[in-house]
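Undergrad: Questions regarding the structure given below will be posed in turn.
The values are calculated or read from the model by the stated rules, or taken from the named source; none is laboratory data. As the structure is a computational prediction, the values presented were derived from the model and not from experiment. Cβ sites come from the backbone with ideal geometry, for glycine too, and all protein chains shown count toward neighbours. Note: areas computed on protein heavy atoms with side chains; ligands, DNA, RNA excluded. Shrake-Rupley method; radii C 1.70, N 1.55, O 1.52, S 1.80 Å.
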Amino acid sequence: ASAQELADDVQRYLRQEPVVARPPTAAYRLQNFYARNRLACLSAAAIAAALVIGTIVSVRQAVRATRAEHVARAERDAANAAGRAEAVARADAQRRQEQAENLLTFMLGDFRTELQKIGRLTLLDRVGEEAMNYFAGLDPRDLTDTALARQAKALTQIGETRLDEARYPEAAAAFQTAYDRAAALAARHPRDADMLFERAQAEFWLGFAARRRGEAQAERDWLTRYRDSALALVAIDGDKLRARRELTSGHHNLAVLELERGNLAGAADGFRAETASIELMLAAKPGDSQLRGRLADVASWRGTVAERGGDLAAALGQFDEMTSRYAELAQAEPAVARWQLELARSLVFAGDVQAVRGLRDDAAARYQRAESLLAQLVRQDPKNRSWLVSSLNVGLQQAVLLAAEQQWAGAAALLAENRRQLEALVQAEPSFQTFTRLLATAWRTEARVRLARQQPDAAAAIARAIEFGEPLVKGPQPDERALAELAQSCVLAGRIATGEGRDDEARRHWQRAIELLAPRLPGSRDWRLLDPAVQALNLLGRGDEARPLVEQLRKSGYHPLDPFAGLPAA
C-alpha cells in the first residue's frame with residue numbers, strides 16, 4: 001500500500017524471511033499508489049530492479065549447484081545422507097528459480113504497465129538484459145511444465161517492453177525464446193488451453209515484430225500460425241472470452257494482410273466480422289476498456305478501406321468514430337498513455353482526409369490538437385521512439401499543409417527540425433520502415449519547397465527522397481502507400497529535371513512512376529495512387545489514359561495538395 005511497505009518487504013527478502021505481500025497475479029495493482037507516491041514509486045522501482053538482477057545471479061548459482069549435484073550423484077551412487085543433501089539442494093535451487101521468475105513476471109507485467117503509463121520503461125532495461133542472459137542458459141528440455149510456462153510469459157513481456165521502445169531486433173529475440181518455451185510446453189500437453197494460449201501469444205508477437213522490421217513473409221507465416229492456434233484454442237475452450245479474443249485478433253491480422261494485397265472486399269468482410277465479434281464480447285463485458293479500444297481501432301481500419309475505395313466521406317465517418325471512442329477512453333483513464341496516443345493518431349487520420357477534401361482549416365485544427373497530445377507524451381519519455389515518430393509524422397503533415405497553402409517559410413522551418421530527428425532515427429534503426437518512409441516524405445516536401453522558392457538544390461533533395469523510398473518497394477508485395485509516395489517523388493523529380501532543361505531525365509522519372517503504379521491502377525479508387533498516375537500520364541502526353549482516373553478523383557471529392565499537380569478541380 002505504500003513505498004515503505006515495499007521497502008520493508010525488500011529487506012525481508014534480502015534476509016530470506018517471508019514477505020508480507022500477496023502473489024502478484026491477484027494483487028499488486030498500483031494505480032492509486034502511483035497517484036499518491038509517484039516519486040517514491042520510482043525509487044522503489046530502482047530498488048526492485050536491483051533486487052531482480054541480484055536474484056537472477058543467485059538463480060544462476062543455484063542452477064550451477066544443481067547441475068553439479070546431479071554429476072556428483074551419478075559418481076557417488078549415493079548414501080542416504082548425500083541423497084538428502086542433493087534433494088535439499090535441488091529443492092532450494094527450484095525455490096530460488098521460482099522466486100526469481102515470479103518476481104520477473106511481476107516486474108515485467110503489472111509493474112511494467114504502471115511504468116509505461118508514466119513513461120519510465122527504461123527502468124526495466126537492465127532487468128530485461130539480465131533476464132535474457134539467464135534464460136539463454138537454460139535448456140527447455142530440462143525444465144518443468146511450471147517453469148516453461150512462467151518463462152514463456154516473462155520472455156513475452158520482455159519482448160513487449162522492447163517493442164514499446166522500438167528495439168525491434170531485441171524484441172524479436174525475446175519473442176523467439178518465448179515461442180521455444182511455449183511450443184515445448186504445448187507439445188507436451190496439446191489439449192491444454194493455457195499452454196496453447198501462451199504459444200499463440202508468442203506467434204502473434206513474432207508476426208508483429210516481423211511487420212515492424214519489414215519482413216513480410218515472416219509476418220504472414222507467424223500470423224497464420226497464430227490464427228491456427230486461435231482456432232485450436234476455440235475448439236478446446238470456445239466458451240471462454242479469452243478464446244474469442246484470440247480468434248478475433250487472428251481474423252483481424254489476416255484482414256490487414258488482405259488490405260495490403262489490395263483485396264478491399266476481403267478486407268472489409270474481415271473487419272466487419274471483427275467488429276461484430278468485439279460487439280458480442282462487449283455485450284458480456286461492457287466496461288472492458290481493452291475491448292472498447294479494440295472497437296475504436298477496427299473503426300480506423302474500416303476507414304482505411306473506405307479511403308482506398310474512394311469513399312472519402314465514409315472514411316471520415318469511421319475516423320471520427322475512432323476519435324470519439326478514444327476520446328472517451330482518454331477521459332475515463334487519463335493516466336493511460338495508449339489512449340492519448342491513439343486519440344492523436346485518429347485526429348491525424350481524419351485530418352488527412354479533410355486535407356484532400358479541400359477542408360484545410362479543419363485539417364489544420366485536427367493536426368494541432370494531435371500535436372499537443374503527442375508533445376505531452378514525448379515530454380514524459382523522450383526516448384520512446386514510437387511516441388516520437390508519431391509526433392514527427394504530425395509535423396510532416398503540417399508542413400505538407402503549409403506547402404499546399406504556399407506558406408513556404410513555415411513549411412521549411414518545420415521540415416528542417418523534423419528531418420534532423422528522422423535522420424537520427426533511421427540511423428539508429430534502419431530496418432524500421434516507418435522511419436525511412438517518413439524521412440523520404442520529409443525530403444520530398446523539402447524538394448517541393450525548394451522548387452517553389454527557386455532554390456538550386458531542389459534536385460538534391462528529391463534525389464534523397466528517392467534514395468530512401470526505393471528500398472521500401474522491394475520484395476514481392478510492397479506496401480501500397482510506399483509505392484504511391486515513391487511515384488510522387490518520381491513525378492516531382494521529373495518536374496525539377498525539366499525545369500533545369502534535362503528533358504530526357506524527366507521522362508525517365510515519369511515513366512518510372514507509371515511502372516510503379518501500373519500493377520495497382522486497374523479498378524483502383526485510391527487517391528494516393530491516382531494522383532501521381534494522372535500527373536505522370538499528363539506529363540508524358542498520355543492525357544486519354546489519364547482522363548478516367550481524373551474522373552474517379554472528381555467523384556471522390558478529391559482536391560490535390562500539391563500546388564504543382566495541375567489536376568482539374570474536383
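Undergrad: Give me the distance in nm between label points sitting 7 Å out from Cα along the Cα-to-Cβ direction at residue 551 and residue 192, one decimal.
TA: Each label point lies 7 Å from its Cα, and together they span 6.4 nm.
Undergrad: For the range 213-302, what does the alpha-carbon gyration tensor say about shape, rounded, prolate or oblate, given a ≥ b ≥ c as the root eigenvalues, a/c under 1.5 as rounded, and a/b over b/c as prolate?
TA: In terms of gyration-tensor shape, oblate.
Undergrad: Continuing with this model, one more query. Please give the contour-minus-distance gain from residue 453 to residue 5: 0.36 nm per residue of separation, less the Cα-Cα distance, rounded to one decimal in nm.
TA: Separation in residues times 0.36 nm, less the Cα-Cα distance, equals 154.8 nm.
Undergrad: Could you tell me the relative contact order of the range 295-383? Use alpha-carbon pairs under 8 Å, at least six residues apart, and round to a whole percent.
TA: The normalised contact order for the range 295-383 reaches 23 percent.
Undergrad: If packing is taken as the average count of other Cβ atoms within 10 Å, what order do 372-380, 179-187 fall into, highest mean first?
TA: Those peptides, ordered most packed to least, come out 179-187, 372-380.
Undergrad: With contacts defined as alpha carbon pairs under 8 Å and 6 or more residues apart, what's the relative contact order of the range 154-286 in percent?
TA: 16
Undergrad: To continue, here is another question. Which whole-number value in Å² is the accessible area per residue of the range 215-361, probe 1.4 Å?
TA: That works out to 40 Å² for each residue.
Undergrad: Would you work out the relative contact order for the range 362-440, in percent, from Cα pairs under 8 angstrom that are 6 or more residues apart?
TA: 24
Undergrad: Rounded if a/c is under 1.5, else prolate if a/b beats b/c, else oblate: with a ≥ b ≥ c from the C-alpha gyration tensor eigenvalues square-rooted, which is the range 320-446?
TA: Oblate, because a/c is 1.5 or more while a/b does not exceed b/c.
Undergrad: Using the per-residue mean of other Cβ atoms lying within 10 Å as a proxy for protection, in what order, highest first, do the peptides 533-539, 167-173 fall?
TA: Sorting 533-539, 167-173 by mean packing, highest first, produces 533-539, 167-173.
Undergrad: Next question, about the same structure. For a quick check: with amide H placed at 1.01 Å from N, whose amide H comes under 5 Å from residue 526's, ignoring anything fewer than 5 positions away on the same chain?
TA: none
Undergrad: Checking the a/c ratio against 1.5 first, then a/b against b/c, what shape does the Cα gyration tensor give for the range 145-295?
TA: Because a/c hits 1.5 or more and a/b fails to exceed b/c, the range 145-295 counts as oblate.
Undergrad: Right, another one. Rounded to whole Å, give me the distance from the Cα center of the range 243-286 to that of the range 424-478.
TA: First find each Cα centre; the distance between them is then 34 Å.
Undergrad: Okay, next question. What is the percent of Cα-Cα separations in the range 449-539 that go past 16 Å?
TA: Tail fraction, whole percent: 52.
Undergrad: Quick check: the distance between the Cα centres of the range 288-359 and the range 515-565, to the nearest angstrom?
TA: 27
Undergrad: Hey, what's the range 477-562 come to in accessible area per residue, 1.4 Å probe, Å²?
TA: On a per-residue basis, 43 Å².
Undergrad: Using a probe of 1.4 angstrom, how much of the accessible area of the range 185-312 is carbon and sulfur, in percent?
TA: 51
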